[in-house]
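Trainee: Take this structure, written in structure tokens, and hold onto it; I'll ask about it next.
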Amino acid sequence: MSSVNGTKFNSAVFLLTGIPGQEDVHLWISIPFSLMYIISIVRNSIILFIIKTDPSLHEPMYIFLSMLAITDLALSISTMPTTLGILLLNSREISLDACFAQLFFIHLLKCIESSVLLLMAFDRFIAICNPLRYASILTLPRIGKMGLVCVLRGVALILPLPFLLQRFRYCRSNVLSHCYCLNQDVMKMACSDIRVNSIYGLSVSVFTVWMDSLLIFLSYVMILKTVLSITSHVECLRALNTCVSHLCAVLLFYTPMIGLSVIHRFGTGSSPLLQIPLGYIHVLIPPVMNPIVYSVKSKHLRVRIIRVFIK
């Protein structure tokens, strides 16, 4: 790191931030974080194992759930090293290349997860609004192609981010706001004009998170319209009950992510007490909670999991 005029420098590393003001108890804080990471990895791995080994679960809804579990598993693995490195070892430094690689995978996985949640909304829409054609529309080859499109869309949109960041010379404070690297956080460290990065990052958010959430909302408007036309009260509740797990997953994913994105882009001078909890929540909570929500709400899946542990 070379000093320039005593205040500016070309940073070779960034410094990640744990929980400001709580450095003395980072070791204790690492215990619940480690438990959450372990729970996330174990539960998502169990979901994948059950779905893979049980032919009766090779249905569209469970295949989409396995896509969600893979994404959550990868997201936990992408954020775990730097988070636990800070809390356990006080290892705050991260090189530019490692930071760019981490932010690429984090943003890619969040983009893929958004796409998967949209596919799951489409699955519920077809199951409720057009049940007679459900099996003919959501065939296994078609689901595979949908999953491939999700990955390709994510790679195409997120791949330019690290290359755009590599153009800059970083001469401002090299202390990042979170325990992992995010595009919005890193580009603020540059001493160059970041308008291109800012516009491109906002465009990516609009064409992924905002567009996907809008389409999910519209799909549920159509689902609600169909459900309300059902004369039987019991059938109406049964149809809505099949959507509860997905709605919980949508809220767990989009609420903190949109909040964090808005704070980074428009909340200049916002309190770290708001940024830091949202930063942890948006990468930790969905991978931990999604398997729990689906295990509780899906009787078929819950029975299979219990049977495995009883054996």
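Trainee: May I ask you to list the residues in the stretch 241-254 that are surrounded by fewer than 16 Cβ atoms within 10 Å (Cβ to Cβ) and under 13 Å from the mean Cα position of the chain (by Cα)?
Mentor: Leu251
Trainee: Where in the stretch 148-240 are there helices (runs of 4 or more DSSP H), lying fully within it, with 3 or more residues that are open to solvent by 30 Å² or more (accessible area, probe 1.4 Å) and more than 25 Å from Thr255 (Cα to Cα)?
Mentor: 160-166
Trainee: Further question on the same structure: Among the residues of the stretch 85-110, what is the count of those that are open to solvent by less than 30 Å² (accessible area, probe 1.4 Å) and closer than 13 Å to Tyr37 by Cβ?
Mentor: 2
Trainee: Residues Phe64, Phe49: which one is closer than 19 Å to Gly147 by Cβ and either without any contact (Cβ under 8 Å) to a residue 40 or more places away in the chain or surrounded by fewer than 20 Cβ atoms within 10 Å (Cβ to Cβ) (or both)?
Mentor: One residue alone meets the criteria, Phe49.
Trainee: Consider the stretch 120-154. How many of its residues are farther than 17 Å from Leu68 by Cβ and in contact with a Pro (Cβ under 7 Å, 6 or more places away or on another chain)?
Mentor: 0
Trainee: How about the stretch 17-46: which of its residues are open to solvent by 70 Å² or more (accessible area, probe 1.4 Å), within 21 Å of Pro287 (Cα to Cα) and of a type in the set (A, V, I, L, M, F, W, C)?
Mentor: Ile31, Leu35, Ile38, Val42 - these are the residues of the stretch 17-46 that are open to solvent by 70 Å² or more (accessible area, probe 1.4 Å), within 21 Å of Pro287 (Cα to Cα) and of a type in the set (A, V, I, L, M, F, W, C).
Trainee: Pairs needed: first member in the stretch 184-203, free of Cβ contacts under 8 Å to residues at least 24 places away in the same chain; second member anywhere, open to solvent by less than 50 Å² (accessible area, probe 1.4 Å) and of a type outside the set (A, V, I, L, M); C-beta distance under 6 Å; at least 6 residues apart or different chains.
Mentor: Matching pairs, first to second residue: Met187/Asn197.
The values are calculated or read from the model by the stated rules, or taken from the named source; none is laboratory data. Values in this document were obtained by computation on a predicted structure and should not be read as measured data. Every residue, glycine among them, receives a Cβ derived from its backbone with ideal geometry; neighbour counts consider all protein chains shown. All accessible areas refer to the heavy atoms of the entire protein, side chains included, with ligands and DNA or RNA removed. Shrake-Rupley method; radii C 1.70, N 1.55, O 1.52, S 1.80 Å.
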